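Enquirer: This is the structure I want to talk about, given as structure tokens.
The values are calculated or read from the model by the stated rules, or taken from the named source; none is laboratory data. What you see is a predicted model, and the numbers here were worked out from it, not measured in a lab. So basically every Cβ, Gly included, is an ideal-geometry build from the backbone, and we count neighbours across all protein chains shown. Each accessible area value is taken on the protein alone, full model and side chains, heavy atoms only, with ligands, DNA and RNA left out. Shrake-Rupley method; radii C 1.70, N 1.55, O 1.52, S 1.80 Å.
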Amino acid sequence: MSSNIRIQRVCENCSKTFVARTTVTRFCGDDCAKKAYKKRKRTTQVIQSHQETAQKLNQDWHRAQQKEYLTVQETCVLIGISRSTLWRITRLCRIEPKMIGSRLIYSKKEIERFMNEY
């Protein structure tokens, strides 16, 4: 049974006015409903991706907290700086890295000393 209700509404997707036959109609047509659905799905995926990234960064930070010697990446995560900033600090001899083979590692005590100075 069809409804005799006619309500003037504004489409949530394209902002055009249309005549709705029910009180719960949100979109002017099928195209706008599909576009809004895709937009909702995309937003959900982006939020989920941000949460996974934040969780991964948090795990990296906790892992870096537990080690005595840190790699370049772990040092950047622990201090919260970029690699180029770490290289600049190292070049200015604020933090002294150690060489193991061809790899640079940073002592956590050295990093804490640097952080306490600044």
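Enquirer: How many residues are under 19 Å from ALA64 (Cα atoms) and open to solvent by 90 Å² or more (accessible area, probe 1.4 Å) when one looks only at the stretch 75-102?
Expert: The qualifying residues number 6.
Enquirer: Additional query: Pairs needed: first member in the stretch 9-22, of a type in the set (Val, Ile, Thr); second member anywhere, open to solvent by 90 Å² or more (accessible area, probe 1.4 Å) and in a loop (DSSP other than H, G, I, E, B); C-beta distance under 9 Å; at least 6 residues apart or different chains.
Expert: VAL10/LYS16; VAL19/ARG6
Enquirer: Another question, if that's okay. Can you say whether ILE105 is open to solvent by less than 100 Å² (accessible area, probe 1.4 Å) and not aromatic (Phe, Trp, Tyr), as far as the supplied structure shows? Show your work before the answer.
Expert: Details: open to solvent by less than 100 Å² (accessible area, probe 1.4 Å): yes; not aromatic (Phe, Trp, Tyr): yes.
Yes, satisfied.
Enquirer: Just checking, does the stretch 38-56 include any residue being of a type in the set (A, V, I, L, M, F, W, C), in contact (Cβ under 8 Å) with a residue 12 or more places away in the chain and surrounded by 10 or more Cβ atoms within 10 Å (Cβ to Cβ)?
Expert: Checked the stretch 38-56: no residue is of a type in the set (A, V, I, L, M, F, W, C), in contact (Cβ under 8 Å) with a residue 12 or more places away in the chain and surrounded by 10 or more Cβ atoms within 10 Å (Cβ to Cβ).
Enquirer: Do you know which residues across the stretch 19-37 are of a type in the set (Phe, Trp, Tyr) and open to solvent by 60 Å² or more (accessible area, probe 1.4 Å)? Before the answer, list the steps.
Expert: Kept after step one, since they are of a type in the set (Phe, Trp, Tyr), are these residues of the stretch 19-37: 27, 37.
Residue satisfying the conditions is TYR37 alone.
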